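These notes are about the structure you will find just below.
The numbers here are math on the coordinates, done by the rules we state, and not lab data. This one's a predicted model, so the numbers in the text were calculated from it and none came from an experiment. Using ideal geometry, Cβ is built from the backbone for each residue, glycine included, and neighbour counts are taken over all protein chains shown.
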Amino acid sequence: MDQAKSRKLMSSAARDGDRLDNAYPFFAPKPKSYLTAPTSILMKKITSFLGRALAVIGCLVVLSGCASMSVTKSEPIANGSKILIMPSRDVVQGGKAHARGEGSGKNLQVAVQRELSTLTPFKATSFDADAKLNHSASIAKSDALEAGKSAAADYVLILDLGEFRNAAPMTFRSDFVTLQSGSLVRVSDGKETWVLNNPVVLEKSNIGNHLILIDNLAKLVAESIVR
């Protein structure tokens, strides 16, 4: 290729807005693609944000496992005692029943029976909810004692769930569940041998749902009764 033809080809490439290396691909390979500075900065910001978010989530999960329970226990419970677990009231929002809370009282009742049977030498059984005694409202002590006598139980356990929240994902609000009240009553004389002094609130991140907190509450109750 003579110099005149070479200059003409280079001029044509420049005029058409084409890269010079397109005219000579074997002399000028295309450069590799790298992240631009703005893209690199954005990636660093996203990584930093995710790290902080995971740290917050981790803290919330840890908080749910650090709760303690303030109770009054007047006397030890004899090994082999039969405990009848009454239906627990479902969780509420603003003091009213909520669709997402339906079945939560049953979950607590079943979980407490499981934990008592695993951790203690007691014979724990659950009262089958009926039209009068169920998970829609608190159960009066007198009604629980009557059920305990009919079941030949030594004690009745009455637990009520309170306020809860099952937050939507990515709202950065936590889930929580409240154990509002609790008492273990001796059937023979109506004496309260174990009483929850204050409501207990367990909290976690909004990944998943609130039901795991009910399992954790059940374990706290069982451990407190047997302690």
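Note on the stretch 104-153: the alpha carbon radius of gyration divided by the globular reference 2.2 N^0.38 Å gives 1.19. Our estimate of slack between LYS123 and ILE212, defined as 0.36 nm per intervening residue step minus the Cα-Cα distance, is 29.6 nm. Geometric descriptor of the stretch 51-226, per residue, is 107 Å³ (volume of the convex hull of the Cα atoms). Here the gap between MET69 and VAL195, fully extended at 0.36 nm per residue and compared with their Cα-Cα distance, gives a gain of 44.3 nm.
If R0 equals 22 Å, the separation of the Cβ atoms of ASN79 and VAL110 corresponds to a calculated FRET efficiency of about 0.45. For the pair LYS132 and ARG173, a Förster radius of 35 Å applied to the C-beta separation gives a FRET efficiency near 0.40, rounded to the nearest 0.05.
Summing +1 for each Lys or Arg and -1 for each Asp or Glu among the other residues whose beta-carbon sits under 9 angstrom from that of LEU119 gives -1. What percent of all Cα-Cα pairs in the stretch 144-197 falls in each 5 Å bin, counting up from 0? So the P(r) values, bin by bin, are 5, 19, 19, 14, 12, 9, 8, 7, 5, 3, 0. Three principal axis extents of the stretch 175-227 based on alpha-carbon atoms, in descending order, are 45, 18, 15 Å. Our summary gives the stretch 51-226 a relative contact order of 31 percent, counting only alpha carbon pairs under 8 angstrom and 6 or more residues apart.
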